[in-house]
Amino acid sequence: MSHGTKNPQLFENLRLELRRGCLIVAVLAQLRTEQYGYTLRKALADDGLAIDQGTLYPLLRRLESQGLLVSQWREEDKRNKRFYRLSPTGEPILRQLLDEWNNINQSLGRILQEA
Amino acid sequence: MTQPSQTNSQSLLDRYLHAVRFWLPKAQQQDIVNELSEDLHAQIEEQESALKRPLNESELEAILKRCGSPIIVASRYRPQKYLIGPALFPIWQFVLKLVLVWVLLPILVVVIGPALVSASSRWQPAVWQTFSMLCTVLISTAAAITIVFAVLERLESRLRLLDRWNPHSLPPAPRTEKRPSRTQSVFEIITGVAGLLWLLPSRTTRFSCWDRWRSS
């Protein structure tokens, strides 16, 4: 713990590395229901996973280019918004990722109990 | 009062979006800027409805600062590209040091420099000539080596040549734990670079050449 406070930059880098993969799973899971960028960001922040637009939008674009998301520009409240949702290809991948995440979580739990 | 402030805010936002657009890949510029603009407008509106007044310039500035510098924001939309990637970088660094510091510098300082000085009647112009030759040769050689490695990087990222290796082709390890001598490493790198260069012209013989190089 004391290392974290002594070296905030090191902790920040490790935290970002740890968060990166989790954010992908969180975004895919959140997009089981269709949302546009801003409301997605708010929903994630409300659940404790704040993500800035500079990270979220490139991530959405990458996930879409990989076929995991589909998007559509639509007008809502007199403004054009890009709505995203999980694609049929994304659904089984999300399930696999969630299984993987559960396995990692359980392994970590066992490691921490052993210590 | 609010009208001029709103115009200023709008122009600040436009300037920000324009700066981001400049660094984006051409094909996606409009799409990305529209989406970013929509997010920023939503943030501004939310903050304005909470404050029940239009945002002033410093409040807008804070939103833009949170979003990040235009060049960094734009860079996140681009795939990571390397001139020389992490796999080839140490080889590039080693070849560069080897050629510049251990070959060209001694040749110019120990052989060509004294030869020029002894051949001319006045030593100052000869020293100056050696110095300018040194700069030209070192810079152009470094550029040439970098270009060669940039080409190798392109080739490597497409053909994944470094993944095609065989544990049996590795050179024998020295019996003692001693590090290999400098000359040995130098020789290995020279043959390595020569091997990589050799791969370039011929497609058909590439893999056999590669194996030959690995086993040499």
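Assess whether residue B:106 counts as being under 30 Å from residue A:53 (Cβ atoms) and at pLDDT 85 or above. No: the conditions fail for residue B:106.
The condition (being away from every other protein chain (no Cβ under 14 Å) and over 34 Å from the mean Cα position of the chain (by Cα)) is satisfied by just one residue among B:100, B:60, B:105: B:60. Please go through the stretch B:17-74 and give me each residue that is farther than 29 Å from residue A:65 by Cβ and in contact (Cβ under 8 Å) with a residue 40 or more places away in the chain, ordered by number. Residues satisfying the conditions are B:53, B:54, B:55, B:56, B:57, B:60, B:61. Among the residues of the stretch A:53-84, those that are closer than 19 Å to residue A:19 by Cβ, facing chain B (nearest Cβ under 7 Å) and free of Cβ contacts under 8 Å to residues at least 12 places away in the same chain comprise A:54, A:58, A:61.
Tallying residues that are touching a Pro at 6+ places or on another chain (Cβ under 8 Å) and not charged (D, E, K, R) within the stretch B:72-119 yields 1. Annotation note: of A:28, A:97, the sole residue that is part of a helix (DSSP H, G or I) and within 29 Å of residue B:33 (Cβ to Cβ) is A:28. Tell me, please, whether a residue that is away from chain A (no Cβ under 14 Å) and in a helix (DSSP H, G or I) can be found in the stretch B:40-53. Yes, that holds for at least one residue. The set of residues in the stretch A:100-115 being more than 29 Å from residue A:67 (Cβ to Cβ), assigned to a helix (DSSP H, G or I) and of a type in the set (A, V, I, L, M) consists of A:108, A:111, A:112.
Using the structure shown, decide if residue A:62 is surrounded by 15 or more Cβ atoms within 10 Å (Cβ to Cβ) and either in contact with an Asp or Glu (Cβ under 7 Å, 6 or more places away or on another chain) or assigned to a helix (DSSP H, G or I) (or both).
Taking the combined requirement at face value, the residue satisfies it.
For the stretch B:47-66, the criterion of being surrounded by 12 or more Cβ atoms within 10 Å (Cβ to Cβ) and closer than 23 Å to residue A:73 by Cα is met by none of the residues. Every test in (1) surrounded by fewer than 13 Cβ atoms within 10 Å (Cβ to Cβ); (2) in contact (Cβ under 8 Å) with a residue 40 or more places away in the chain; (3) under 32 Å from the mean Cα position of the chain (by Cα); (4) away from chain A (no Cβ under 14 Å) is passed by residue B:92 save one, and that test is (1).
The values are calculated or read from the model by the stated rules, or taken from the named source; none is laboratory data. Since this is a predicted model, take the numbers as computed values, not measurements. All Cβ positions, glycine included, derive from the backbone under ideal geometry; neighbour counts span all protein chains shown.
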